[in-house]
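A quick write-up on the structure given underneath.
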Amino acid sequence: MKGPYVSVREIHTQIIRPARSEIAALSRLPVASIVDALGKTGALSHCLKLQTPGLVLCGSAVTAPGPDVTVRRAAIDLARPGDIIVVAAGGGKERSCLGSATAAYMQSRGITGVLVDGMVRDVADLRRLLFPTVARGTLRSTTRRP
């Protein structure tokens, strides 16, 4: 498809990242102030909750356009230190698509957090890792691999 519309399965490899100083400055501001400054746009759904209380999720976003493990791995490979991963999992509540093993791997690569439009698991371990995680909720099960 041409024009401003992009396929949800398209992976963008050219990511425009703001300066780290800009990200650091934004991380100290209340989210409501940022949303107001953006003309009251860009707020997350009220369904998405910080699963790791006391931590801040802020960084350049690398999006995994779907919950498939291959797509998530591609996003992790594209990420640079200081980035966050956004998993566009479609709000699915049946299975989680992030757990502590993947979070620890992301953290070892310098990825600073994750936002999942779906469910996560191992939340106690995510909290111990101090890995900022936003998701719809938590489950014990994982995704099924093809």
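Here are a few things to note about the model shown:
- Any hit, region 93-105, residues being surrounded by fewer than 12 Cβ atoms within 10 Å (Cβ to Cβ), in a loop (DSSP other than H, G, I, E, B) and either at pLDDT below 95 or at positive phi (or both): yes
- Scanning region 46-66 finds no residues that are under 25 Å from R127 (Cα atoms) and in contact with a Cys (Cβ under 7 Å, 6 or more places away or on another chain).
Condition check ((1) in contact with a helix residue (DSSP H, G or I) (Cβ under 7 Å, 6 or more places away or on another chain); (2) under 14 Å from L55 (Cβ atoms)) across all residues:
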| site | (1), (2) |
| --- | --- |
| L98 | no, no |
| Q107 | yes, yes |
| V123 | no, yes |
| P132 | no, yes |
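- Contact map, region 55-68: first residue without any contact (Cβ under 8 Å) to a residue 24 or more places away in the chain, second residue crowded, with 18+ Cβ neighbours inside 10 Å and in a strand (DSSP E or B), Cβ cut-off under 7 Å, separation 6 or more or different chains; the map is empty.
- Residue within region 34-41 that is within 28 Å of E22 (Cβ to Cβ) and under 12 Å from the mean Cα position of the chain (by Cα) present: no
- Restricting region 64-81 to residues that are touching a Ser or Thr at 6+ places or on another chain (Cβ under 7 Å) and under 15 Å from T112 (Cα atoms), the residue that is surrounded by the most Cβ atoms within 10 Å (Cβ to Cβ) is A75.
- Residue match in region 65-77 (condition: within 24 Å of A24 (Cβ to Cβ) and assigned to a strand (DSSP E or B)): no
- Look at (1) modelled with pLDDT under 95; (2) farther than 22 Å from Q14 by Cβ and you find that R72 fails only one, number (2).
- Among the candidates G137, G54, residue that is out of contact with any helix residue (DSSP H, G or I) (no Cβ under 7 Å at 6 or more places or on another chain), in a strand (DSSP E or B) and farther than 30 Å from Q14 by Cβ: G137
The values are calculated or read from the model by the stated rules, or taken from the named source; none is laboratory data. Nothing here was measured: the structure is a model prediction, and the numbers come from that model. Note: ideal-geometry Cβ built from the backbone for every residue, glycine included; neighbour counts use all protein chains shown.
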